[in-house]
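The values are calculated or read from the model by the stated rules, or taken from the named source; none is laboratory data. Predicted model, so just to flag it, every value in this text is computed and none were measured. Note that each Cβ is placed from the backbone with ideal geometry, even for glycine, and that neighbours are counted across all protein chains shown.
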Amino acid sequence: MARSADIGGTPLPRPEARPAGESQAASGKRGPIGFIGECWAELKKVEWPGQAQVVQGTVVVIIACIIVGIFLYANDQLWKPVVQKIFLGQ
């Protein structure tokens with residue numbers, strides 16, 4: 001989707017760049033304890049999937065693994081005689 005600045009509208013405001021580490025100095029938290037606190041705060045913002053979404057995602061991954069496994073097995077069986085005759089001289 002195009003931004004208003006891309007289609008001739010007024011440009012969107014951009015946040016000012018700050019030197020690295022300034023946000024830590026502004027908050028007053030430093031070291032491992034501050035880092036863990038910030039991580040915990042970010043994890044509270046995460047929208048965690050429900051059980052149905054986890055089950056559905058797991059099923060999709062398992063099916064994809066089975067399909068790829070079958071494809072690789074078929075290619076292995078297909079090329080095995082070629083490799084044995086050309087490269088191994090059997």
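Odds and ends about this structure:
- Among the candidates Glu38, Glu47, the residue that is assigned to a loop (DSSP other than H, G, I, E, B) and of a type in the set (Asp, Glu) is uniquely Glu47.
The rows are residues; the columns are (1) modelled with pLDDT of 95 or more; (2) within 22 Å of the chain's Cα centre (by Cα); (3) surrounded by fewer than 10 Cβ atoms within 10 Å (Cβ to Cβ); (4) polar (S, T, N, Q).
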site	(1), (2), (3), (4)
Trp40	no, yes, yes, no
Trp48	no, yes, yes, no
Gln53	yes, yes, no, yes
Val59	yes, yes, no, no
Gly69	yes, no, no, no
Leu72	yes, no, no, no
Lys85	no, no, no, no
Gln90	no, no, yes, yes
